[in-house]
Amino acid sequence: MGKSAIQAVIDDWIEAYLTDRDTSLLDLISFFIQCSGCKGVVTAEMCQSKEDRAMRSKMVEELDEGAGLQFKRFLVFPWILTVTWPMDADSAEYPLVQSGPSGRWFHSEFCEFVSVLVARCQPSVMFDSYLMNNLISLLTELSDSRIRAFRHTCTLAAVKLQSSLVGVALSLSVGIENNQKLYEVQRTKTVRSKSAQQLERIQNISELQERRAEIEGMMDAIFKGVFLKRYRDMLPEIRSICMEELGLWMKLYSSAFLNDSNLKYLGWMMHDKVPDVRLKCVLGLQGLYSDPVLLPKLDLFTSRFKDRLISMTLDKDNDVEVQAMKLLVLISKWCEDVLTPDDYKQLLPFVYSSHRPLAAVAGELLFSRIVNAAAPASDLQGEMSEEEAQKQQTLARLKALLQFYQESELHEHVVYLVDSLWDCGGSLLKDWPTLTAALLQNSSSPSAGGGFTPAEQAVIVEILVASARQASEGPALPGRSGAKKATSVKEKKVQTDDCLKLTEHLLRIVQKQETLGSASTSTSEMAAVLDLCSDPAVLEAASRSYLSLCGEGAAWCCTTRTARDSLVQRWVDRLTELLGESLRGDGFSADEEKTREIVATVKKLRAFHNCHDLSRWSVFDLLAPLLTEESSHGGAPAEVLEEVLQCLSFSMIWSLNTSSETLTCREKAVAQRLQLRVFCEQSHRCLSHSQLSVRHQAFLGVCDVLLAHSYQIQVWDPTSYSPLLYTPSPRLQRALLTFVCAHVFVDSDGQNRVSENSEMERLEDLHRRRNMLAAFCKLIVHGVLEMSTAAEVYTHYMKYNNDFGDIIKETMFRTRQINKMESARTLVLCLQQLFVRLKQEQSSSRAQSRIQTFTSIKELARRFALTFGDVVKFRECVVMIHRTSIEFVFQEFSQTPDGATPPFLSYLTILSEFSSKLLKPDKKTVFSYLLQHTAEHIIDLREECWQPLIYYRASLLAVAETEDAGSHVGSDRRPNLHSRSPFSKQKLEGSKSPCQIRPIDKGSKVPKPSTCPNQQKLRDMDPFAVPLELQEKSFNSETSVLVIHNEPEDGTVEVEL
């Protein structure tokens, strides 16, 4: 409608009110009742006195169930108003609760109407002691109704009216204050200089004070008659409205509302069970604590409800916890000594929260503490220049940040700390010159205050790296939610400028360091570090550093390569010496000190072999003898074997990767294949090692090597020699599959190495198992293992869907791209394996019901069927699944009195899940194939044991989209046999079936046409061809499956499926 249109309507109403106030007031009352969604009738009768007891007894709200109406009778002096509406009005969707834009529009326009009404009535009719009194009486009565629509709408109108009256009271207070100031000025003037007009304005002070008192009386009536009754209403929307407006009243008109009596309502409702109510309380308190003038009136409230505010930072609602943290930031800023060190110890760790808005607000609290802690002394600030003072202040803040990180001991990820401080502490985190200067300064005397300890410098490095990543990539950390998904143009420009500044600064630092040192100095320092340290992270960083320095474009390429070769040669010589002393005799005989040295040296070679080709040092021949025996039989310890296996796998991968360059003759290719065979055999033996870590490393190593060999075979260049083909032995293939089943598809709770209370260990174990399963599936996808091997993996799809479902589905997708027919056969093999195991378990333990297991197999088949989305594309695959499964059910089955049905007949129920993926012609073809396998058996459709066959046959006949197998099953169980009633009493070997099926004499009944070998071969190749045995058999799949050929003299009926 717009504010101008509302003003025009209200102005017209005021003119009508000045003419006939009773009629106009009734129109306004009807408006509020209609805004409540009431479609009833409003009637009025005159009332002579407010104190009439008989009149008071009529103020009721009652039901007339016979008429289906409700009555609400209330006093709006001088009338008794009666509102009549249908009984179901409480369940109707009144305007305030409507969803969508219409509901939001009504809410805003309704609130605007109330505020404009008060504003336009202020100069003329507000103080006539008639309009506002009756309006307040109306809203008070209707807000106390048990009808939700009246209660909600009129409560909103009442509190909005209160807010508008607060604005009127404020304007009157300003007028009174201005007139009082003018009065004081006029008092100092002489009698001649006094202005008559000004003296007249001064005389209006008493009138303004009377009006303000009248407004305060109205506000008190609304507060006591509406707010005090509705702030605990059962409807959470009403409670939210009351709390929101109360905070506004206390902020705008603190002299009347801001007291401990009213603050207690906000404190109580912070315990409300609805998050929106708690949120409105916190937002109202934020408005109060942001005004320093109001803080003295909040001391008692702060002391009583501080613990509740701190606990709300753990609220289950994200918005509430964020706003509660913002409120505590305001309290920390304006109220000194309110939050104790214990409170800060509880609040500051929220910088590591997974919810980024909460972490960012906690970062503001932490940064304010850092700024206060690093404030420079006033006497020292005058002695140094501005630039030096700024640098010292930044270093002091950095010291405070490092102290917090080291003292917290709650988290080891600096990137989350940097992300939390990025919005408020960018000036510190983007001060890259100061961060690099802190790393380059002398750390010999950190206690003096000038330097940083090695531990602090390590944290500074992490901060520098995290800030560089944050500046280039933005706040997109794994595990942290709530970050903005879209970046504005301004933010993109700031990000670009930060990246440019960081790049320019780091280039200057690198150039400066190059002028100070030389390549030989840098490499010698790295070599000295590597001689003293064998930490995996340090070794990996050094290996990558050498890789960068040895690149073709590096300035120190030749010098660094020489230093690297010298370093590796020294390690190889030392390892040769150690192994020569330890491998004397039949086993490994090194003492504990030598064993540690061997492990450290192999770790260094392994770290460098990961990035560098060390083939010319013959690392494989040097380390292969260590894989001879287990430690229990005189072999190397487990920690040695683990590092040796990984190093040998790197050696084999490098050898395969450089085959096009190193294999110049067949002899070298044969030697390489021999190494590959030796590695696979030794790794196969290590798969049964007593130590779990050795088994894991052996499995991953052999998978990586076999995968690299497969890749080199695929990219073979005919113009040069290539690796000779190597196929893993069947024993190794079975061992890999057994390893996956034993170490991947197991419950974590059953493994002793994973404690039940350690979530981190559980996640690490899951990550390790996922890596092993992915490595095994890669072997299947790349053709190293037979595609049918994946059937065993697919059997675990339902149970471990949450942990490995994505890997298994990706394996299905990749194998189907390679060979869709073979992939479909793998799915069938998976289902058949599960079904056979189920039958074996049922036969071994008859007392235990495993129907849930059968249901899970059926559900697995349904999920497999859903993967065949394009029925035309996978037409041949689906038909092949049906034909193979039918053969599986009826293979080598001969009917006997003890075995009337095939043992795997219930598998047809599982197979029916694929029937929906058959095209109509293919359904007829599959049905014909089913008839071919069931024609020689006596089938009793009334027996329960044949229900799987009936169900499967019905799924093939359900050709219409609206039909399903269940409808056909019902018709099959009760076939229409009116024409066969004379034969219903005939029996065959004691059977009670009304329709008997028996074999047909192929020699006389249905002559079998002769087929030539070529025709038979063509029929076997075509999955859609109708079998020749059935081409001359008559059956009608549209009406009846049973077809009577003839009626023999013995009274039986010969039929054919």
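A quick yes/no check of all residues on (1) modelled with pLDDT under 80; (2) within 19 Å of Cys703 (Cβ to Cβ); (3) hydrophobic (A, V, I, L, M, F, W, C):
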residue	(1), (2), (3)
Gly750	yes, no, no
Val754	yes, no, yes
Ser758	yes, no, no
Glu761	no, no, no
His767	no, yes, no
Asn771	no, yes, no
Val781	no, yes, yes
Val784	no, yes, yes
Thr789	no, yes, no
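Take Lys858 and tell me if it is at pLDDT 85 or above, under 19 Å from Leu827 (Cβ atoms) and either in contact with a Phe, Trp or Tyr (Cβ under 8 Å, 6 or more places away or on another chain) or surrounded by fewer than 13 Cβ atoms within 10 Å (Cβ to Cβ) (or both). First the steps, then the outcome.
Working: at pLDDT 85 or above: yes; under 19 Å from Leu827 (Cβ atoms): yes; either in contact with a Phe, Trp or Tyr (Cβ under 8 Å, 6 or more places away or on another chain) or surrounded by fewer than 13 Cβ atoms within 10 Å (Cβ to Cβ) (or both): no.
It is false that Lys858 is at pLDDT 85 or above, under 19 Å from Leu827 (Cβ atoms) and either in contact with a Phe, Trp or Tyr (Cβ under 8 Å, 6 or more places away or on another chain) or surrounded by fewer than 13 Cβ atoms within 10 Å (Cβ to Cβ) (or both).
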Item to check | In segment 657-703, residue surrounded by the most Cβ atoms within 10 Å (Cβ to Cβ) [restricted to those that are touching an Asp or Glu at 6+ places or on another chain (Cβ under 7 Å) and either assigned to a helix (DSSP H, G or I) or of a type in the set (Asp, Glu) (or both)] | outcome: Val694
Next on the checklist: So for segment 732-745 (the condition being modelled with pLDDT of 90 or more, surrounded by 15 or more Cβ atoms within 10 Å (Cβ to Cβ) and within 22 Å of Pro625 (Cβ to Cβ)), does at least one residue qualify?
Outcome noted: yes
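Return the residues of segment 775-807 that are without any contact (Cβ under 8 Å) to a residue 24 or more places away in the chain and either among the β-branched types (Val, Ile, Thr) or within 15 Å of Phe864 (Cβ to Cβ) (or both); say none if nothing qualifies. Reasoning before the result, please.
First pass over segment 775-807, keeping only residues without any contact (Cβ under 8 Å) to a residue 24 or more places away in the chain: 801-802, 805-806.
Asn801, Gly805, listed by residue number.
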Checklist entry - Within the set of pairs 6+ apart or on separate chains, which have a first residue in segment 487-499 that is under 12 Å from Glu473 (Cβ atoms), a second that is in a helix (DSSP H, G or I), and C-beta atoms under 8 Å apart? => result Thr487/Gln495; Gln495/Ala471; Gln495/Ser472; Asp498/Ala471; Asp498/Ser472; Cys499/Ala471; Cys499/Ser472
Checklist outcome for this item: Pairs returned, first residue in segment 430-447 that is more than 16 Å from Ala471 (Cα to Cα), second residue that is at pLDDT below 85 and surrounded by 19 or more Cβ atoms within 10 Å (Cβ to Cβ), beta-carbon separation under 6 angstrom, 6 or more apart or interchain, are Ala438/Phe452; Ser443/Phe452; Pro446/Phe452
Checklist entry - Can you list the helices (runs of 4 or more DSSP H) found entirely within segment 194-252 that contain at least 1 residues being among the hydroxyl-bearing types (Ser, Thr, Tyr) and either touching an Asp or Glu at 6+ places or on another chain (Cβ under 6 Å) or at pLDDT below 95 (or both)? => result 205-222, 236-252
Checklist entry - Looking at Val351, is it in contact with a Leu (Cβ under 7 Å, 6 or more places away or on another chain), in the same structural domain as Pro236 (by the TED database), closer than 25 Å to Val415 by Cα and crowded, with 17+ Cβ neighbours inside 10 Å? => result no
Checklist entry - In the set Ala554, Ala600, Ala541, which member is out of contact with any strand residue (DSSP E or B) (no Cβ under 7 Å at 6 or more places or on another chain), outside any helix (DSSP H, G or I) and either assigned by the TED database to the domain that holds Ala638 or modelled with pLDDT under 80 (or both)? => result Ala554
Item to check | Any pair with Cβ under 7 angstrom, 6 or more apart, that starts in segment 317-341 at a residue that is closer than 25 Å to Val277 by Cβ and ends at one that is of a type in the set (Asp, Glu) and at pLDDT 90 or above | outcome: Glu321/Asp315; Ala324/Asp315; Val329/Glu364
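Take the residues in segment 567-581 that are touching a residue at least 24 places away in the same chain (Cβ under 8 Å) and not β-branched (Val, Ile, Thr), then tell me which one is nearest to Val599 (Cα to Cα).
Among those residues, the one meeting the criterion is Leu575.
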Checklist outcome for this item: When segment 806-818 is checked residue by residue, the ones that are of a type outside the set (A, V, I, L, M, F, W, C) and surrounded by fewer than 14 Cβ atoms within 10 Å (Cβ to Cβ) are Asp806, Glu810, Gln817
Next on the checklist: Just to be sure before I move on: is Val568 buried (at least 19 other Cβ atoms within 10 Å of the Cβ) and over 43 Å from the mean Cα position of the chain (by Cα) in the structure I sent?
Outcome noted: yes
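So which residues in segment 731-748 are among the β-branched types (Val, Ile, Thr) and under 16 Å from Ser788 (Cα atoms)?
Thr738, Val740 - these are the residues of segment 731-748 that are among the β-branched types (Val, Ile, Thr) and under 16 Å from Ser788 (Cα atoms).
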Checklist entry - In segment 833-855, which residue that is surrounded by 10 or more Cβ atoms within 10 Å (Cβ to Cβ) and among the hydroxyl-bearing types (Ser, Thr, Tyr) is modelled with the lowest pLDDT? => result Ser849
Checklist entry - In the list Leu866, Leu827, Leu911, which residue meets the criterion of being under 26 Å from Gln947 (Cβ atoms), touching a His at 6+ places or on another chain (Cβ under 9 Å) and at pLDDT 90 or above? => result Leu911
Checklist entry - When you look at Val282, is it in contact with a Pro (Cβ under 6 Å, 6 or more places away or on another chain) and closer than 21 Å to Lys306 by Cα, yes or no? => result no
Next on the checklist: Tally up the residues in segment 927-956 that are modelled with pLDDT under 80 and either part of a helix (DSSP H, G or I) or farther than 21 Å from Val879 by Cβ (or both), please.
Outcome noted: 11
Checklist outcome for this item: Over segment 417-427, the set of residues in a helix (DSSP H, G or I) and either at pLDDT 90 or above or acidic (Asp, Glu) (or both) is Leu417, Val418, Asp419, Ser420, Leu421
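The values are calculated or read from the model by the stated rules, or taken from the named source; none is laboratory data. As the structure is a computational prediction, the values presented were derived from the model and not from experiment. We place every Cβ from the backbone using ideal geometry, glycine too, and count neighbours over all the protein chains shown.
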